[in-house]
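Since the structure comes first, as structure tokens, the remarks are kept for the end.
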Amino acid sequence: MNHVVCCVPVSAVRASASHKSEMVTQHIFGEILEILEEQNEWSRVKNVSDDYEGWCLKAHVIPIQYPQREKPQFTGDWVNVIRLDGNLMYLPFGCDLSVFLSDTKNFLPQFDFRGNYLTIDTGAQVTDSVISFSEMFLNTAYLWGGKSVFGIDCSGLTQSVYRLAGLSLPRDAWQQAEKGNPITTLQQSKRGDLAFFDNKENRIVHVGILVDDHTIIHASGKVRIDLINEEGILHSETKKYTHHLCGIRRYF
């Protein structure tokens, strides 16, 4: 298999091989991808962590010898400074550096990072980790397809936060809603559970992270904290309902 790694801070992934095409998701620095097809300056790739497919620029990736399975070591600050072949680069919170750190055969460009690492602590309380990591994204602007502190959408937030806590989720909200175990009511929920919301056609269109049985962190306009009840999300400023609750799932 032909594998590459994202070598820019954030790379747009599009529905087709065109700059005018919809951005369906993003890759962030250090993510491993499998090349499925190539077309001029574009590559159709599959992210090995969630099998999500799309088109990205060839300039945003570099080849690796084989997919690494090292223990993740994430960038720990909101913005992180590295040097790649001596060139300065600023990375967002939560980039996995393990591919570059484990490159003992020097297949990749020279890599230098002297900042703070965030490693997955399997002994930590997962629920507390999910909430503390989600708070790092507070006030991040909403961006359709985004999944970094530079811009993020609702399911990008939940997937990114769970990844940092050592849990894997699919990319889109409707996919996430098909995993985990159902929770019947908000009163039965725990910190870190995901709440899902639907539209008038009963399609899942939104997801957020429960802080407790009456508070939620979610990406709507920006990453924010709002109130929630059995009806849905109550905007903390307008005092109006913005999303209709349709289910709760637990993954830990």
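Of all the options Ser102, Ser148, Ser168, the one that moves most in a Gaussian network model of the chain with Cα springs shorter than 10 angstrom is Ser102.
Could you order Val4, Val205, Val126 so the one with the most accessible surface comes first? Probe is 1.4 Å.
Numbers: Val4 5, Val205 70, Val126 40 Å².
Per-residue accessible area, sorted high to low, gives Val205, Val126, Val4.
Surface composition of the chain: carbon and sulfur make up 48 percent of the accessible area, probe 1.4 Å. Expressed as a fraction of 2.2 N^0.38 Å, the value expected for a compact globular protein of N residues, the C-alpha radius of gyration of segment 163-252 is 1.00. Solvent exposure of the chain amounts to 48 Å² per residue of accessible area, where only protein heavy atoms count and the probe is 1.4 Å. Please list, or write none, the lysines whose alpha carbon is within less than 30 Å of the alpha carbon of Lys239, excluding same-chain residues fewer than 8 places away. Cα-Cα hits under 30 Å: Lys147, Lys190, Lys200, Lys222.
For Val61, neighbours were defined as the other residues whose beta-carbon sits under 13 Å from its Cβ, and their charges (Lys and Arg +1, Asp and Glu -1) total -1. Note on Lys240: aspartates and glutamates with a C-alpha under 13 Å away, same-chain residues under 8 apart excluded, are Asp226, Glu231.
Using only the Cα atoms of segment 129-207, build the gyration tensor, take square roots of its eigenvalues as a ≥ b ≥ c, and label the shape rounded, prolate or oblate: rounded if a/c is under 1.5, else prolate if a/b is larger than b/c, else oblate.
Taking the square roots of the gyration eigenvalues as a ≥ b ≥ c, segment 129-207 is oblate.
When you restrict to C-alpha pairs under 8 Å that are six or more residues apart and normalise by the size of the chain, the relative contact order lands at 14 percent. Amide H contacts under 5 Å for Thr215: Ile228, restricted to partners 5 or more places along the chain or on a different chain, H placed in the peptide plane at 1.01 Å from N.
The values are calculated or read from the model by the stated rules, or taken from the named source; none is laboratory data. What you are looking at is a predicted structure, and each value in this text was computed from that prediction instead of being measured. In this analysis, Cβ positions are derived from the backbone assuming ideal geometry, glycine residues included, and neighbour counts consider all displayed protein chains. Protein only, heavy atoms only, side chains kept; ligands, DNA and RNA dropped before computing areas. Shrake-Rupley method; radii C 1.70, N 1.55, O 1.52, S 1.80 Å.
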